[in-house]
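Peer 1: Right, I'll just put the structure down here and ask away after.
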Amino acid sequence: MKIYAHRGYSAKYPENTLAAFRATAELPVDGVEFDVHLTADQQVVVIHDEKIDRTSNGTGYVKDMTLEELRKFDYGAWFTDEFSGEVIPTLAEVLEIFKETHHHINIELKSDIFVYAGLEELVLHEVEKQGMLERVVISSFDHEAVKRVAELSPDVENAALFVNMILDVAEYQEKLPANALHVFLPTAVRKTVLEAISKGSVVRVWTVNEVEYATQLLQIGVDAIFTDEPEKMLEFLSSVK
Ligand code: G3P
Ligand code: MG
């Protein structure tokens, strides 16, 4: 079972910041996951929420501000003073950190609330520019976006994110098409997901911070877990090997 650091190393660092990604890049985890939105001037930025309020000292929607405007705020001090001065990262800056590492990179397109026209193309273009097309998996709760990634770049790995259970998820996956299923922890042990695993689907599960759940997921044969606690999960995996 593989380990992906969720939003960077988000238990110890402010989520989706360069500090969190630099720390992850030093870890022997398999991958990293982060979220992207589009600014008013069409820049791809790395942040979880549609609004900057929770993770910065600013307020407002990412989509309504330019990168320059978004850069005026602090994205680290809300976590602890030690991280004050963190700015909102661009996709390019985050990819740069992992350019020379072994990590698999999961870019989550946050277009499930607002439509970000052209986000798939912009993300694929940046990944291609950095020569990392074979190292990414592009996922979304927005399955129209997942489908567009498949149409635009059939060779790039894509994944459908699910918060709810759907019947015959493996059949749905084939129809989209999606290379992998990224499922919410409570749904991971349900029949439809277990059947998908037995049919060969790559299933990755979010967000797994407890050893008890990781143990169960290891037993059912999921490909990977997303965790805010990568070191804790590395320790767990080495203890069961
Ligand atoms: O991509 C897995 C996971 O990050 C999905 O949920 O809300 O943490 O982006 P969220
Ligand atoms: Mg995410």
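The values are calculated or read from the model by the stated rules, or taken from the named source; none is laboratory data. Owing to the predicted nature of the structure, the values given are computational and were not obtained by experimental measurement. FYI the Cβ positions are ideal-geometry reconstructions off the backbone, even for glycines, and counts take in every protein chain you see. Please note that ligands, DNA and RNA were not included when accessible areas were found on the heavy atoms of the full protein model with its side chains. Shrake-Rupley method; radii C 1.70, N 1.55, O 1.52, S 1.80 Å.
The rows are residues; the columns are (1) touching a strand residue (DSSP E or B) at 6+ places or on another chain (Cβ under 7 Å); (2) within 16 Å of ligand 2 (Cβ to nearest atom); (3) open to solvent by less than 60 Å² (accessible area, probe 1.4 Å); (4) closer than 20 Å to Phe141 by Cβ.
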| site | (1), (2), (3), (4) |
| --- | --- |
| Pro14 | no, yes, yes, no |
| Ala19 | no, no, yes, no |
| Arg22 | no, no, no, no |
| Ala25 | no, no, yes, no |
| Ala40 | no, no, yes, no |
| Lys51 | yes, yes, no, yes |
| Arg54 | no, yes, no, yes |
| Glu69 | no, no, no, no |
| Asp74 | no, no, yes, no |
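Peer 1: Could you list, in sequence order, the residues of the range 104-120 that are of a type outside the set (S, T, N, Q) and more than 10 Å from ligand 2 (Cβ to nearest atom)? Walk me through it before giving the result.
Peer 2: Pass one, the range 104-120, residues of a type outside the set (S, T, N, Q): 104-105, 107-110, 112-120.
Once the filter is applied, which keeps residues that are of a type outside the set (S, T, N, Q) and more than 10 Å from ligand 2 (Cβ to nearest atom), the range 104-120 yields His104, Ile105, Asp112, Ile113, Phe114, Val115, Tyr116, Ala117, Gly118, Leu119, Glu120.
Peer 1: On to the next question. Cβ contacts < 6 Å: first residue within 13 Å of Val127 (Cβ to Cβ), restricted to the range 83-94; second residue modelled with pLDDT under 95 and basic (Lys, Arg), any location; separation 6+ or different chain. Result?
Peer 2: none
Peer 1: Collect the residues in the range 140-149 that are assigned to a helix (DSSP H, G or I) and within 16 Å of ligand 2 (Cβ to nearest atom), keeping them in residue-number order. Even if it seems obvious, please write down each step before you answer.
Peer 2: Step one: list which residues in the range 140-149 are assigned to a helix (DSSP H, G or I), which gives 143-149.
Across the range 140-149, the qualifying residues are His143, Ala145, Val146, Val149.
Peer 1: Here's a check for you: in the range 101-141, which residue that is more than 12 Å from ligand 1 (Cβ to nearest atom) and of a type in the set (D, E, K, R) is nearest to Glu33 (Cα to Cα)?
Peer 2: Selected residue: Arg135.
Peer 1: Here is a follow-up. Among all residue pairs at least 6 apart or on different chains, which show Cβ distances below 8 Å where the first residue, located in the range 144-162, is without any contact (Cβ under 8 Å) to a residue 60 or more places away in the chain and within 16 Å of Glu128 (Cβ to Cβ) and the second is open to solvent by 80 Å² or more (accessible area, probe 1.4 Å) and assigned to a strand (DSSP E or B)?
Peer 2: none
Peer 1: Is it the case, given these coordinates, that Glu86 is at pLDDT 95 or above and surrounded by fewer than 16 Cβ atoms within 10 Å (Cβ to Cβ)?
Peer 2: The answer is no for Glu86.
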